[in-house]
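Structure, as structure tokens:
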Amino acid sequence: ASWIAEQAGFQVAKATRILLTPIDRVGIEEPLSNEKLCPVLSMVSCENLSQTLTVARAMLRMKGRGHTAVVHAHDPRVIMQFSA
């Protein structure tokens, strides 16, 4: 991760294991929404459950079920809808 950061023009601690970057959209026009076999992770922040589910489904359609996803929610119904 530190080498990648250096190549991108910024520095992180040598012990850094991942780099996290926000992205605005999912699709072929956003390379960071594709699968990456490196310590760079992307994140999409959503305003509501409907948008979250739309983004998650777009990820599945684009590159299959190999993506890792995380949802931060307190409502068990939201968690179940997302995981479904």
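The values are calculated or read from the model by the stated rules, or taken from the named source; none is laboratory data. Small disclaimer: the values here were computed from a predicted structure and weren't measured. Cβ atoms come from the backbone with ideal geometry, glycine included; neighbour counts cover every protein chain shown. For the accessible areas, the whole protein counts, side chains as well, though only heavy atoms, and no ligand, DNA or RNA atoms are used. Shrake-Rupley method; radii C 1.70, N 1.55, O 1.52, S 1.80 Å.
General observations
- Within the option set E29, E35, being touching a helix residue (DSSP H, G or I) at 6+ places or on another chain (Cβ under 7 Å) and not in a helix (DSSP H, G or I) holds for one residue only, E35.
- Inside segment 12-40, residues that are of a type in the set (A, V, I, L, M, F, W, C) and either touching a residue at least 24 places away in the same chain (Cβ under 8 Å) or at positive phi (or both) make up a count of 4.
- Taken over segment 1-26, the residue count meeting the criterion of being among the aliphatic types (A, V, I, L, M), part of a loop (DSSP other than H, G, I, E, B) and farther than 28 Å from A84 by Cβ is 4.
- The set of residues in segment 41-59 that are out of contact with any helix residue (DSSP H, G or I) (no Cβ under 8 Å at 6 or more places or on another chain), surrounded by 12 or more Cβ atoms within 10 Å (Cβ to Cβ) and free of Cβ contacts under 8 Å to residues at least 12 places away in the same chain comprises Q51, T54.
- Top-ranked residue of segment 60-81 - restricted to ones that are surrounded by 13 or more Cβ atoms within 10 Å (Cβ to Cβ), modelled with pLDDT of 85 or more and of a type outside the set (S, T, N, Q), ranked as nearest to R17 (Cα to Cα): A73
- Residue match in segment 15-34 (condition: of a type in the set (A, V, I, L, M), open to solvent by 60 Å² or more (accessible area, probe 1.4 Å) and over 21 Å from A1 (Cα atoms)): yes
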